[in-house]
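The values are calculated or read from the model by the stated rules, or taken from the named source; none is laboratory data. These numbers were taken from a predicted model, which means no experiment stands behind them. We place every Cβ from the backbone using ideal geometry, glycine too, and count neighbours over all the protein chains shown.
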Number of protein chains: 2
Amino acid sequence: MKIALDAMGGDFAPQAAVDGAVLAAEKLAGKAQIVLIGQEEAVRPLLEAYGDAAASLELVNATQIIQMGEHPAKAYQQKQDSSIAVGYRMLHAGEVEAFCSAGNTGAMLVGAMFSVKPVPGVLRPAIANFVPKEHGGFGIMLDVGANAECKPEMLEQFGELGSLYAQYVLGIEKPTVGLMNLGEEEGKGTTLTQQAHQLLKVNPHIHFIGNIEGRDLFNDKADVIVCDGFTGNVVLKMAESIYDLLAARNMHDPFFDKFNYESVGGSPILGINDNAIIGHGVSTPLAISNMLLQGYQMAHSGIAEQIKSTFKS
Amino acid sequence: MKIALDAMGGDFAPQAAVDGAVLAAEKLAGKAQIVLIGQEEAVRPLLEAYGDAAASLELVNATQIIQMGEHPAKAYQQKQDSSIAVGYRMLHAGEVEAFCSAGNTGAMLVGAMFSVKPVPGVLRPAIANFVPKEHGGFGIMLDVGANAECKPEMLEQFGELGSLYAQYVLGIEKPTVGLMNLGEEEGKGTTLTQQAHQLLKVNPHIHFIGNIEGRDLFNDKADVIVCDGFTGNVVLKMAESIYDLLAARNMHDPFFDKFNYESVGGSPILGINDNAIIGHGVSTPLAISNMLLQGYQMAHSGIAEQIKSTFKS
């Protein structure tokens, strides 16, 4: 199995990408091979500096780079030899089984939508994020930014997509699904959450436990937290800032340390035909390495196939 | 000046209400008198137990109680001699200058809308909440739950209402206003935030600094954080849970301790003709006391008059 990494993506690329790939290669030895995609003249010397430790890494040349500030759709179309475009082509062609990048988030989404494409039946793919749970493990929250505006049917599907991920990748047997809302009672919330509640309630493929509130994010009520991409994005960035504020005060604890984005490394795009993961722009080698391990877990679990067969029916 | 307190509101009423009132009375001696509103036979003995310490407290009898689980509008209409209904009548009649309650939030909003009423020109009053800032002091976020669904013009007014509060009550000379969004760029977000951005940008009464993100809640970018009541409610409850999780781990710090709702005690309803504050259901005596002090500060600052004169023009 091959897992691809955008060697040019992220603020500290290509060095952090190569460092992270070497870290992950050690852990994935015998299970998967890592393929770096990027400018050969920039990446090759970094690999050579590692000597034998980087021997298992493959390098695919991609001459262009989509910068962080570029317009995603325009850049993706114009830079067909960028590391992101080449990565998605390889993913779509089945040459690799997952593609990870800490580069331009928008371009990663564009590639997901126009190269590997949404699974037939999925209205809109979503970006998922991991939520540390106070009694251990992680839950999953989606959408966290792919869809600022949502329809009730989209939220219903997010519940299904998140459940499949929780079951097949996180190994949670009967994942519970909660709808983020401003009150627990069924009639609470916006038109969107009221209507989504009714759809989720009768969906036979999930274990819907009803509305949850902001205070339930980290408790055990819901393994899968469904919300629109606007709310999810605000919550995600707020959680990241909490970690930074704690770290700046040297306040550490096993639970709060899991708020650190490095511990999971990236956010999967769910509802597309292949496995793609978006990393944080400031990704460190540890974050890159964990993103690659997550890519392996996704590919190994067959989650994309599970989603396809669920939505086909 | 008289500040009224619902003696029957909150999970630990009337004891916590009386305890909190006695605490506040000491601090407000010579400045304001506290008026307790509630069932005389239940409250009188508690006051008597305090002896001289409670001598300055006035007690107004109200025979009924709106319970936490009751339907707000129905209960408010049917229980005209409830502590909440009596409190709003006294507020509207000018017999007290602020009314505080840790009771049924919905009933407090109903009273605000139908008894003291919105200021002419204000589309929808909002509930505001205080946000601790990492470099000291507090910002203000609104709406946090009165309006799950908002129109752009409402968000614009929240910016104005919050600015007036920040200026006249918090003493921030030129409060900055930020719009909660999922990206900093002007075009980001939902139709709501995109349109609200355009209105806020040209509003001459505020100092709009543009979009902010979830990670900016606690930094110094914006003194006033504008959002719809759905987003604000999720953020507020999430912040409260963060404090609880830290406290459970005995992790304390001057900044994070300000996440404790007790430190401010309540959330003002802004955009109505008088001063009303809603406290947390679990309010402790300290929270009640701080809610009363905030009620005094609001009344002392003349914020309601400032809002009236701003929206008249």
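One line per residue, one yes/no per condition, for (1) farther than 30 Å from residue A:302 by Cα; (2) more than 10 Å from every other protein chain (Cβ to nearest Cβ); (3) hydroxyl-bearing (Ser, Thr, Tyr):
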{"position": "A:237", "(1), (2), (3)": "no, no, no"}
{"position": "A:240", "(1), (2), (3)": "no, no, no"}
{"position": "A:247", "(1), (2), (3)": "yes, yes, no"}
{"position": "A:253", "(1), (2), (3)": "yes, no, no"}
{"position": "A:259", "(1), (2), (3)": "no, no, no"}
{"position": "A:263", "(1), (2), (3)": "no, yes, yes"}
{"position": "A:267", "(1), (2), (3)": "no, yes, yes"}
{"position": "A:270", "(1), (2), (3)": "no, yes, no"}
{"position": "A:275", "(1), (2), (3)": "no, yes, no"}
* Members of region B:224-258 found to be crowded, with 23+ Cβ neighbours inside 10 Å and either assigned by TED's automatic domain parsing to the domain that holds residue B:114 or of a type in the set (D, E, K, R) (or both), listed by number -> B:228
* To do: Kindly provide the set of residues from region A:205-235 that are among the β-branched types (Val, Ile, Thr), within 12 Å of another protein chain (Cβ to nearest Cβ), over 16 Å from the mean Cα position of the chain (by Cα) and not in a helix (DSSP H, G or I), ordered by number.
  => A:212
* Qualifying residue in region B:298-306 (condition: buried (at least 20 other Cβ atoms within 10 Å of the Cβ), under 27 Å from residue B:116 (Cα atoms) and polar (S, T, N, Q)) -> no
* From B:39, B:77, which residue is assigned by TED's automatic domain parsing to the domain that holds residue B:113 and either under 26 Å from residue B:1 (Cβ atoms) or over 23 Å from the mean Cα position of the chain (by Cα) (or both)? -> B:39
* Asked: In region B:174-191, how many residues are under 23 Å from residue A:229 (Cβ atoms) and surrounded by fewer than 20 Cβ atoms within 10 Å (Cβ to Cβ)?
  -> 8
* Identify, by number, the condition in (1) hydrophobic (A, V, I, L, M, F, W, C); (2) assigned to a loop (DSSP other than H, G, I, E, B); (3) crowded, with 22+ Cβ neighbours inside 10 Å that residue A:291 doesn't meet. => (2)
* Asked: How about region B:135-160: which of its residues are of a type in the set (Gly, Ala, Ser) and touching a strand residue (DSSP E or B) at 6+ places or on another chain (Cβ under 9 Å)?
  -> B:139, B:145, B:146, B:159
* Structure fact -> Those residues of region B:23-37 that are surrounded by fewer than 21 Cβ atoms within 10 Å (Cβ to Cβ) and free of Cβ contacts under 8 Å to residues at least 40 places away in the same chain come to a total of 4
* To do: Inspect region B:149-159 for any residue being among the polar types (S, T, N, Q) and closer than 15 Å to residue B:122 by Cβ and give the result as yes or no.
  => yes
* Structure fact -> Here the residues within region B:277-297 that are in contact with a Phe, Trp or Tyr (Cβ under 8 Å, 6 or more places away or on another chain) and among the aliphatic types (A, V, I, L, M) are B:277, B:282, B:287
* Asked: Restricting attention to region A:279-292, does a residue exist that is touching a His at 6+ places or on another chain (Cβ under 7 Å) and at pLDDT 95 or above?
  -> yes
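Conditions tested, residue by residue: (1) more than 24 Å from residue B:232 (Cα to Cα); (2) of a type in the set (Val, Ile, Thr); (3) modelled with pLDDT of 95 or more.
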site: A:117; (1), (2), (3): yes, no, yes
site: A:120; (1), (2), (3): yes, no, yes
site: A:129; (1), (2), (3): no, no, yes
site: A:133; (1), (2), (3): no, no, yes
site: A:142; (1), (2), (3): no, no, yes
site: A:157; (1), (2), (3): yes, no, yes
site: A:165; (1), (2), (3): yes, no, yes
site: A:184; (1), (2), (3): no, no, no
* **Failed item, numbered, when residue B:154 is tested on (1) crowded, with 18+ Cβ neighbours inside 10 Å; (2) out of contact with any Pro (no Cβ under 9 Å at 6 or more places or on another chain); (3) away from chain A (no Cβ under 14 Å)** => (3)
* Condition check for residue A:134: under 22 Å from residue A:262 (Cα atoms) and more than 16 Å from the chain's Cα centre (by Cα) -> yes
* Asked: Given the conditions (1) more than 14 Å from chain A (Cβ to nearest Cβ); (2) modelled with pLDDT of 95 or more; (3) in a loop (DSSP other than H, G, I, E, B), and given that residue B:299 satisfies all but one, which numbered condition is not satisfied?
  -> (3)
* So residue A:276, is it in the same structural domain as residue A:312 (by TED's automatic domain parsing), under 26 Å from residue A:109 (Cα atoms) and outside any loop (DSSP other than H, G, I, E, B) -> yes
* Asked: How about region A:237-275: which of its residues are of a type in the set (S, T, N, Q) and without any contact (Cβ under 8 Å) to a residue 12 or more places away in the chain?
  -> A:241, A:250
* To do: Please go through region A:174-200 and pick out each residue that is away from chain B (no Cβ under 12 Å), more than 23 Å from the chain's Cα centre (by Cα) and not in a helix (DSSP H, G or I).
  => A:186
* To do: Answer yes or no: is there a residue in region B:160-173 that is touching a helix residue (DSSP H, G or I) at 6+ places or on another chain (Cβ under 6 Å), in a loop (DSSP other than H, G, I, E, B) and surrounded by fewer than 24 Cβ atoms within 10 Å (Cβ to Cβ).
  => yes
* Structure fact -> Reported set for region B:51-74 where residues are charged (D, E, K, R) and under 24 Å from residue B:110 (Cβ atoms) is B:70, B:74
